[in-house]
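Data block below; observations after.
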Amino acid sequence: MKRILENKVVVITGASKGIGAGVAKQMAASGAKVVVNYGSSKKEAEEVVAEITKSGGSAVAVQGDISILADVKQLFQETIKVYGRLDALVNNAGIYEFELLESFTEESYRKTFDINVLGVLLASKEATPLFDENGGSIINISSFAGTRPEPYSVVYAASKGAVDSITYALSQELGPKNIRVNSIRPGGVFTEGIAKLGASLDSDVILGTVKRSALGRMATPDDIGNMAVFFASDESKIITGQTVEVSGGFK
């Protein structure tokens, strides 16, 4: 892979597995020094770091609940302590609980919005002062559900719609500081989280998702990672306030 992120430092929240792990590996393969944030999955985060370092890259794992300000501050303090700078932030940490309105609870709402929305704001706020005079890049992981929600995803969809709004608002606010803010909107992505729900590549739900893709396949974490690498690099230095769907033409 072309090393277009050589010596850049990138923080990825929620990077111990799934899309976050894919983004971390693609960033490292492109030359970045990577901070793998995780909430509770220490073993998985260390495995991501080990895979990166075994391939000649540089990475560290840092624990922190992205919805707690003290943890977020510690995440960036560790980043500066280890690497001395920050060039890009990927706001990937997120949760999903799919349920109908009749099963909706205040607890599920607050949990979802604390991670998916508050976490994006806290991490972006703490990262912004750390970018140098050359600016930086904030990349938010959104979802097609933010604009085309399924009937059972009202809370999750609302949180991802908020992420898209945050993306545009911050792009306007931070543009004068040469800080770019963009969003990646995945469609169906096959991750270990999906597998844990009981789905397999030949299950009806996955095959149904594939049929909704114009390219006839689900996206992979690496696909999302490739777009994140582009947004973190100087090759996208004129692009901000954009939301790009990486879904194979999911409909």
For segment 130-137, check the following and say yes or no: at least one residue is at pLDDT below 95 and touching a Phe, Trp or Tyr at 6+ places or on another chain (Cβ under 8 Å). no
Flagged in segment 160-173 as without any contact (Cβ under 8 Å) to a residue 60 or more places away in the chain and either of a type in the set (Ser, Thr, Tyr) or surrounded by fewer than 22 Cβ atoms within 10 Å (Cβ to Cβ) (or both), in numbering order, are GLY161, ALA162, SER165, ILE166, ALA169, GLU173
Filter segment 51-69 for residues that are open to solvent by less than 30 Å² (accessible area, probe 1.4 Å) and of a type in the set (A, V, I, L, M, F, W, C); the one that is nearest to ASN37 (Cα to Cα) is VAL62
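For the structure I just gave you, tell me whether GLY119 is assigned to a loop (DSSP other than H, G, I, E, B) and modelled with pLDDT of 90 or more. Steps first, please.
Numbers: assigned to a loop (DSSP other than H, G, I, E, B): no; modelled with pLDDT of 90 or more: yes.
In short, no.
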Can you name every residue in segment 178-230 that is at pLDDT 70 or above, open to solvent by less than 20 Å² (accessible area, probe 1.4 Å) and aliphatic (A, V, I, L, M)? ILE179, VAL181, ILE184, ALA219, ILE224, ALA228, VAL229
One residue is enough: does segment 101-115 have a residue meeting the conditions of a type in the set (Val, Ile, Thr) and either touching a Phe, Trp or Tyr at 6+ places or on another chain (Cβ under 9 Å) or surrounded by fewer than 18 Cβ atoms within 10 Å (Cβ to Cβ) (or both)? yes
Checked segment 132-162 for anything among the hydroxyl-bearing types (Ser, Thr, Tyr) and in a helix (DSSP H, G or I); matches are TYR156, SER159
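Would segment 71-84 turn up any residue that is closer than 22 Å to GLU173 by Cα and among the polar types (S, T, N, Q)? Working first, answer last.
At the first step, the residues of segment 71-84 found to be closer than 22 Å to GLU173 by Cα are 72-73, 76.
Add one more test, that the residue is among the polar types (S, T, N, Q), and what stays is none.
Scanning segment 71-84, I find no residue that is closer than 22 Å to GLU173 by Cα and among the polar types (S, T, N, Q), so the answer is no.
Taking into account only those residues within segment 70-98 that are within 19 Å of SER153 (Cβ to Cβ) and open to solvent by 50 Å² or more (accessible area, probe 1.4 Å), which is farthest from the chain's Cα centre (by Cα)? Give the derivation first.
If we filter segment 70-98 for residues that are within 19 Å of SER153 (Cβ to Cβ), which is where we start, we get 92-98.
Those still in the list that are open to solvent by 50 Å² or more (accessible area, probe 1.4 Å) too: 96-98.
Working: TYR96: 14, GLU97: 17, PHE98: 19 Å.
Checking each candidate, the answer is PHE98.
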Selection count, segment 41-69, where residues are within 17 Å of the chain's Cα centre (by Cα) and over 20 Å from ALA232 (Cα atoms): 9
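What do you reckon, is LYS2 among the charged types (D, E, K, R) and in contact with a strand residue (DSSP E or B) (Cβ under 6 Å, 6 or more places away or on another chain)?
Details: among the charged types (D, E, K, R): yes; in contact with a strand residue (DSSP E or B) (Cβ under 6 Å, 6 or more places away or on another chain): no.
So LYS2 does not fit the description; no.
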Could you tell me whether any residue of segment 23-35 is in contact with a helix residue (DSSP H, G or I) (Cβ under 6 Å, 6 or more places away or on another chain), within 23 Å of SER159 (Cβ to Cβ) and open to solvent by less than 50 Å² (accessible area, probe 1.4 Å)? yes
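The values are calculated or read from the model by the stated rules, or taken from the named source; none is laboratory data. Just so we're clear, the structure is a prediction, and the values are computed from it rather than from any experiment. Cβ atoms come from the backbone with ideal geometry, glycine included; neighbour counts cover every protein chain shown. We work out accessible area using only protein heavy atoms, side chains counted, and drop any ligands, DNA or RNA first. Shrake-Rupley method; radii C 1.70, N 1.55, O 1.52, S 1.80 Å.
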